[in-house]
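Where a number appears in this text, it was derived from the coordinates with a stated rule and is not lab data. Because the structure is predicted, anything quoted here is derived from the model rather than measured. Note that each Cβ is placed from the backbone with ideal geometry, even for glycine, and that neighbours are counted across all protein chains shown.
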Amino acid sequence: MDAAHFSAFAALAGSMIGGVTVVATSWLTQHVQMRAQQFTRDVTSREALYRSFIEEACRLYADAYEHDTDTADVSKLVNLYALVSTMRILSSPGIVDHADAVVRIIIETYLAPNKTFRDLPEMLDRRSLDPLRDFSNACRDELRHRGPPRTA
């Protein structure tokens, strides 16, 4: 191979390597950006889901203190169960277990005798006034430390 062919081949190979490097770098950058955006969307959607669950659970928990089984309407729990079912898709099993525990507490509260404002000190002593504490702590831990659940 003479020097002219060798120079042309070296220039062509250098151009190809440079082109492949640019394409690979662009692809890698786009891939990393896409994953970061997906992560952000996932966290944002789970935050909204957890917020909706907490708001609905608080509303029903307060309602359960004022209504006994004679006036309780089971259809009030439908939205709460829908939120838990959505968590089964998006969240870790620990979050779902805590959400199920909150639902059980709400149902037990509906079945218990009505409470009045005078019953609050006793409830504060037993820490039964905040059934969402463990759920909230688990959500915060998952969102801030571990990120989204891993999918295969």
- Message: What are the ³J(HN,Hα) couplings of the stretch 78-86, residue after residue, when phi is run through the Karplus curve with 6.51, -1.76, 1.60 and θ = phi - 60°? Round to Hz, x for glycine and proline.
- Response: 4, 5, 5, 5, 5, 5, 5, 5, 5
- Quick one: in the stretch 4-91, what % of C-alpha pairs are over 15 Å apart? 74
- Message: Quick check on the exposure proxy: order Cys139, Cys58 from fewest to most C-beta atoms within 10 angstrom.
- Response: Cys58, Cys139
- Task: Would you mind classifying the stretch 59-114 by shape? Square roots of the alpha carbon gyration tensor eigenvalues, ordered a ≥ b ≥ c; an a/c under 1.5 is rounded, otherwise it is prolate if a/b is larger than b/c and oblate if not.
- Result: prolate
- Neighbour-count ranking for Thr25, Thr86 (other C-beta within 10 angstrom, fewest to most) reads Thr25, Thr86
- Message: How many angstrom lie between the Cα centre of the stretch 1-43 and the Cα centre of the stretch 87-111?
- Response: 49
- Note on the structure: Fraction of alpha-carbon pairs in the stretch 1-50 farther than 17 Å apart, rounded to whole percent, equals 60
